[in-house]
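One structure below.
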Amino acid sequence: MRNSCLVVVAISLLTSCVTSRVEEIRTATTGMDFTDEALVILGRASYNDRETEESFTDCLADVLARGEQPVSIIPQKQFKDSLYPWFEPRTAPATSDDLVRLFAQPGVRERIEASNIRYLAWIEGDTVTVDQGGSFSCTVSTFGGGCFGITYWEQDASYEASIWDLENLSSAGEISADANGTSYLAGVIVPIPIMARPGNAACKALAGQLKTFLKKQ
Amino acid sequence: MELKRLLLLALTAMLSACTTSVVVEGSAPTPLVKKIPANVAVYFSEEFKTFTHEESIEQAGNWKIDLGNQNLDFFRNLINSMFTSVIEIDSAELTEAQQNSLDGLVIPVIDKYGFLTPAVSGLKFYSASIHYKISVLDNQNNKLADYTVVGYGKSEGGTFGAGKALGEATRLAIRDGGTRIAVDLSSQPTIKKWLAEKIPGAQK
């Protein structure tokens, strides 16, 4: 028991500080029935270097599906396969205005209604390293080894969710979450990591706000 | 003699250990598109059915990418969902009997496959591109159109996940090529003209 407490204290001490900010713009009233209706979360794919990590959309789905009022989530892969080829990088609707055109395709409306999908959340953004520095090295010899120095890296996570109402074929609003944190790796014989996880913080902040946003008003 | 065989065996083992073998796997979704009102045959050549790409890259070693089953399953599903009825034949031409019962013939071919690793591109992901050529023939074996499509896919991978990442990038390239074929083929002018001539009232 005492050991467990020490581990918890040690981990909390080794977690670096992260600051996060969430903003919301609502353009329509929402009213999701968490017991009957489902949400699909899609990462906006692109052909360039920057795109939303799958781990981030997985994190959002995981957080939303847990807790007091779990949201029914349709997995991204299942959704894209069942509506192939309409949610691929080159065919996915870019704005909510394109939904009318999409729903005119044979079978699309029926598939979405059969899955009880009420809302679609497009996620855009990524986590980037904005600054890094310091020096750190480890040595191993016949007499032993050790690490010395300190290195740091600052990461900025910036994500935005565009929520579309698939019943009314319109945009319901946007939520953005930004988080920033600096991680350190210090070497005092043994390497000691002090990690900031801005991506994780942004995920939790965005998921919390998204759940509140979708609730019946 | 025995020593030579052992050395040869050891050398073969060493060389194969330096080659990254990738077998592309994944789902083959059924496209949700309006069927082209035509009864066609499809011919998959042996090369298409077993397509494998081998390449040596100075900065990234030897690679062997097997598209085989995934590519074939995907295209079977794709072509079957795009036309009213589809039969698979083992020749690149329709027989006389087939000419009487079918409207045309579709022949997909892989023209070119290429890939990039992070070591080559300087980017953090693996990418693959596939150039497909879709030939459409009428029921008299006259070529109507050669439709070229490029499918592109990319996937991030760690140091030890190179094969897996390239396999995923290739799977996405097959899927992307399929997207263009499913969405664009029916709107090609030559295809529209063919349908209008052979099946009056099919295309408005």
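The values are calculated or read from the model by the stated rules, or taken from the named source; none is laboratory data. Note that the structure is predicted; figures quoted are calculated from it, not measured. FYI the Cβ positions are ideal-geometry reconstructions off the backbone, even for glycines, and counts take in every protein chain you see. Keep in mind that these areas ignore ligands, DNA and RNA; they rest on the heavy atoms of the full protein, side chains included. Shrake-Rupley method; radii C 1.70, N 1.55, O 1.52, S 1.80 Å.
Remarks
- Kirkwood hydrodynamic radius of chain B, from the reciprocal of the average inverse Cα-Cα distance over all distinct pairs: 18.7 Å.
- Amide H contacts of A:THR27 (H built 1.01 Å from N, in plane; Pro and chain starts excluded): A:GLY173, A:GLU174 sit under 5 Å, all sequence-distant by 5 or more or on other chains.
- The distance between label points at A:ASP81 and A:SER170 comes to 3.5 nm (points 7 Å beyond Cα on the Cα→Cβ vector).
- Eligible lysines near A:LYS80 by straight Cα distance, threshold 28 Å, same-chain separation 8 or greater: A:LYS204, A:LYS211, A:LYS215, A:LYS216, B:LYS34, B:LYS35, B:LYS49, B:LYS112, B:LYS124, B:LYS133, B:LYS154, B:LYS164
- Hydrodynamic radius (Kirkwood) for chain A, which is based on Cα pairs only, to one decimal in Å: 19.6 Å
- Estimated Rh, the protein assembly as shown: Kirkwood, alpha-carbon pairs, angstrom: 25.2 Å
- Charge tally for B:GLY177 (other residues, Cβ to Cβ under 12 Å; Lys, Arg +1; Asp, Glu -1): +2.
- Integer Hz, Karplus 6.51/-1.76/1.60 couplings in order for region A:73-87, x for Gly and Pro: 10, 8, x, 3, 5, 4, 5, 5, 5, 6, 10, 4, x, 8, 10
- Mean Cβ neighbour count within 10 Å, used as a protection proxy, ranking B:167-175, A:115-123 highest first: B:167-175, A:115-123
- Peptides ranked, highest mean first, by Cβ atoms within 10 Å: ranges A:74-87, B:141-154: A:74-87, B:141-154
- Other-chain or far-sequence residues with amide H under 5 Å of A:VAL71's (modelled H): A:ALA65, A:ARG66
- Ranked order, B:ASP176, B:ASP103, B:ASP90, A:ASP97 - accessible area, probe 1.4 Å, largest first: B:ASP90, A:ASP97, B:ASP103, B:ASP176
- Between helix A:2-13 and chain A: long-axis angle, C-alpha atoms, 0 to 90°, nearest 10: 80 degrees
- Value at 222 nm in deg cm²/dmol, rounded to 500, when DSSP H runs of n ≥ 4 in chain A each add -39,500 (n - 2.57): -8000 deg cm²/dmol
- Restricting region B:41-81 to GluC sites (Glu not before Pro) in coil, as DSSP defines it, with at most 11 other Cβ within 10 Å: B:GLU58
- One Cα centroid belongs to region B:160-176, the other to region A:142-215; the line between them spans 27 Å.
- The protein assembly as shown - charge dipole about Cα centre, Lys and Arg +1 at Cβ, Asp and Glu -1, debye rounded to 20: 240 debye
- Look at the stretch B:118-127: the mean tally of other chain Cβ atoms within 10 Å of its residues' Cβ atoms is 1.
- Highest to lowest packing among A:105-113, A:178-186, A:158-166, scored as the average C-beta count within 10 Å: A:158-166, A:178-186, A:105-113
- Think of it as helices only: each DSSP H run of n ≥ 4 in chain B is worth -39500 (n - 2.57), and spread over all residues that comes to -11500 deg cm²/dmol at 222 nm.
- At least 18 Å along the helix axis (C-alpha) and Kyte average at least 0.0, DSSP helices within chain B: B:2-17
- 5 angstrom amide H check on A:SER170, placed H, neighbours 5+ away: A:ASP165
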